[in-house]
Amino acid sequence: MNDSIKKLLRITDKNLEITDVSYETVNKKQRIVINATLSPCPQACRSCGSTVKDGFGKTVIVKNGKKMTTIRFDEFNHMPRVMHLKKQRYKCKNCRTYWTAQSYFVLPKHSIASHLRYKIISFLTDKVSLSFIAKHCSVSLSTVIRILRSLKSYVPSNSKKILPEVLMVDEFRSHASSEDKMSFICADGESGQLIDILPTRKLPRLTAYFEKCTNNDQVKFLVTDMNAAYFQLTKTVLPNAKIFIDRFHIVKHMNKAFQDFRVKTMKVLQKKGFKNEAQKLKVNWRSLTKNRQNINHSEYKSWRSFRAPKFPLLTEAMMIDRLLTFSSSLREAYEAFHDLADAFRDKDHSLFFELLEHLPESLDEEFRKKLQKLLKYEEGIRNAMIYPYSNGKIEAKNTHIKTLKRVSYGFKSFENMRIRIYLINHLIEVK
Ligand SMILES: [Zn+2]
């Protein structure tokens with residue numbers, strides 16, 4: 001009977017004696033209680049080395065009462081399960097040292113069985129919240145955090161970091177760091193694998209970090225957004241790296257410039273009393289940035305802003321054309337924007353920069369300046385059009401960032417969050 005219960009509990013300690021299994025109610029919740037005693041034969045004193053009996057046959061190590069402990073186990077058939085374990089205490093008469101018997105399935109001074117500890121650790125590698133884990137393991141939130149914290153020693157140190165040939169860097173808002181609102185993330189541009197996260201994106205800290213990496217001269221590309229601060233890294237700690245601006249950020253920048261100008265146009269129209277026209281530019285914003293090659297020229301429909309029968313049936317191309325008749329400056333901006341976007345999609349970098357440098361003087365000043373800001377990043381943008389790093393890898397990094405955003409929420413300690421990120425990305429193996 002004793003052995004069968006031990007098998008159910010998956011405990012093999014032969015010094016553990018199970019005396020009884022019952023139920024008890026704590027805080028109106030029932031739980032299974034296993035009463036057990038742990039009383040191995042006394043062994044030599046760890047403090048002075050005395051054996052159980054001295055040379056004259058006198059007993060030196062004696063039993064000294066039992067310590068009552070409660071150990072939490074995993075749930076069993078949806079009922080919390082605990083063990084009331086009486087641990088034998090010993091006393092060494094020689095040096096007056098006291099100690100308590102210990103078993104492998106629970107760490108000294110802990111109240112969580114290793115089985116449950118592993119279950120919590122395995123939950124920590126999934127993308128679930130800490131409170132979810134606490135709830136499903138019937139433990140408190142602070143217990144989950146304590147276990148997370150205990151894994152700190154598994155996180156590899158910076159000095160052993162191997163940097164990839166293509167290094168992607170970015171930042172994310174983390175709530176967890178008091179040093180900086182934005183934290184720093186870097187990943188492998190070819191595998192998408194997370195490399196590291198740092199509590200700050202400030203340059204001196206990043207420089208110090210990359211200096212410690214042993215192979216920083218082997219980084220060939222630094223993939224980044226249009227944050228010029230990171231460019232400095234190539235001048236100091238990543239001497240052989242070329243700047244590569246994330247394509248997603250280039251497109252985003254161009255779209256933003258165009259949308260800002262559309263809003264400006266709407267305001268001008270409103271002032272002149274053309275409220276309907278302004279409204280139409282507002283609701284159809286998506287059509288205006290749509291890739292020109294994908295615009296439909298043949299299917300006639302009624303459109304939300306141009307409803308039949310008040311308006312004739314129009315193709316998508318005709319509808320967009322109508323929108324552009326509201327403002328000649330918007331039409332001009334539309335053409336310039338799409339010429340650039342097409343060149344970018346076709347990866348024709350010489351055309352792209354030619355267009356950018358020679359944007360018509362008549363174009364709205366503010367819009368033109370925003371676009372020409374891209375000239376400052378010419379090298380990085382050119383590389384983005386020349387080299388074939390697929391968007392997929394960048395996607396992987398963005399997925400990391402999304403995970404980070406979701407997971408980082410609720411963390412008050414950057415270190416704890418960092419351990420969690422390592423666990424989720426399977427970058428550390430807990431045994
Ligand atoms: Zn002793």
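The values are calculated or read from the model by the stated rules, or taken from the named source; none is laboratory data. Keep in mind the model is a prediction, meaning the values are calculated, not measured. All Cβ positions, glycine included, derive from the backbone under ideal geometry; neighbour counts span all protein chains shown. Ligands, DNA and RNA are excluded from the accessible area calculation, which covers all protein heavy atoms including side chains. Shrake-Rupley method; radii C 1.70, N 1.55, O 1.52, S 1.80 Å.
Quick notes on this one:
- Selected from 255, 291, 416 as most flexible by GNM, with the chain as the system and alpha-carbon contacts under 10 Å: 291
- When shorter helices are ignored and each DSSP H run of at least 4 residues is given -39500 (n - 2.57), the per-residue value for the chain at 222 nm works out to -12000 deg cm²/dmol.
- Annotation: extensible slack from residue 375 through residue 56 equals 105.6 nm (criterion: 0.36 nm per residue apart, minus Cα-Cα distance).
- The distance linking the range 21-60 with the range 319-374 is 80 Å (Cα centroid to Cα centroid, whole angstrom).
- Computed FRET value (nearest 0.05) for residue 150 with residue 365, which takes r as the C-beta separation and R₀ as 51 Å: 0.30
- Exposure of residue 197 as accessible area (Å², to 10), given a probe of 1.4 Å and all protein chains: 0
- Carbon/sulfur fraction of accessible area - the range 2-111, other protein chains in place, 1.4 Å, %: 49
- Integer Hz, Karplus 6.51/-1.76/1.60 couplings in order for the range 141-156, x for Gly and Pro: 4, 5, 5, 4, 5, 4, 5, 4, 4, 5, 8, 4, 5, 7, 5, x
- Global geometry of the range 217-357, whether rounded, prolate or oblate, following the gyration tensor of its Cα atoms and the 1.5 cut on a/c: prolate
- Charge context of residue 302, other residues only, Cβ under 15 angstrom, K/R +1, D/E -1: +4
- Stokes-Einstein translational diffusion, the range 85-144 - Kirkwood Rh over all Cα pairs, 1.002 mPa s, 20 °C, in µm²/s: 157
- The H on the amide N of residue 74, modeled in the peptide plane, is under 5 Å from the matching H of 116, each at least 5 residues off or on a different chain.
- One chain, two ends: residue 354 and residue 30. Fully extended at 0.36 nm per residue, the span grows by 109.1 nm beyond their Cα-Cα distance.
- Accessible area in the full protein assembly, largest first, 1.4 Å probe, for 265, 125, 214: 214, 125, 265
- Calculated FRET efficiency for the pair residue 173/residue 426, C-beta based, R₀ 25 Å, to 0.05: 0.55
- The tail of the calculated P(r) for the range 2-111 beyond 22 Å holds 41 percent of all Cα-Cα pairs.
- Dipole check for the range 2-111: with +1 at the C-beta of Lys and Arg, -1 at the C-beta of Asp and Glu, and the Cα centre as origin, the magnitude is about 440 Debye.
- Phi angles across the range 419-424 convert, under the Karplus curve 6.51 cos²θ - 1.76 cosθ + 1.60 with θ = phi - 60°, into 3J(HN,Hα) values of 4, 4, 4, 4, 5, 5 Hz, Gly and Pro given as x.
- Net charge in the neighbourhood of residue 137 (other residues with Cβ under 14 Å of its Cβ; Lys, Arg +1, Asp, Glu -1) is +4.
- Taking all protein chains together, 154, 90 sort by accessible area into 154, 90, largest first [probe 1.4 Å].
- Between amide H atoms placed 1.01 Å from N, distances below 5 Å from residue 303 occur with 308, 314, all of them 5 or more places distant or on a separate chain.
- For the range 259-333, the fraction of 1.4 Å probe accessible surface lying on carbon and sulfur atoms is 51 percent.
- Rolling a 1.4 Å probe over the protein heavy atoms gives the chain an accessible area of 54 Å² per residue.
- Scalar couplings 3J(HN,Hα) for the range 365-382, obtained by applying the Karplus form with A = 6.51, B = -1.76, C = 1.60 to θ = phi - 60°, are 4, 5, 5, 5, 5, 4, 5, 6, 4, 4, 4, 4, 10, 3, 4, x, 6, 4 Hz; x denotes Gly and Pro.
- Amide H contacts of residue 202 (H built 1.01 Å from N, under 5 Å, at least 5 apart or other chain): none
- Label point at residue 118 placed 7 Å out along Cα→Cβ; residues across the range 81-109 whose backbone nitrogen lies under 20 Å: 81-83, 102-109
- Model label zone, residue 267; criterion: amide N under 20 Å from point 7 Å along Cα-to-beta-carbon; scope the range 324-346: 326-334
- Charged neighbours of residue 261, selected by a Cβ distance under 12 Å, balance to +3 (K, R count +1; D, E count -1).
- Available extension along the chain between residue 282 and residue 307 is 7.4 nm, counting 0.36 nm per residue and deducting the alpha carbon span.
- Crossing angle, helix 328-345 versus the chain [Cα axis fit, 0-90 degrees, rounded to tens]: 50
- When nucleic acids and ligands are ignored and a 1.4 Å probe is applied, residue 53 ends up with an accessible area of around 120 Å².
- For the chain, the share of DSSP beta bridges that are antiparallel, to the nearest 5, is 75%.
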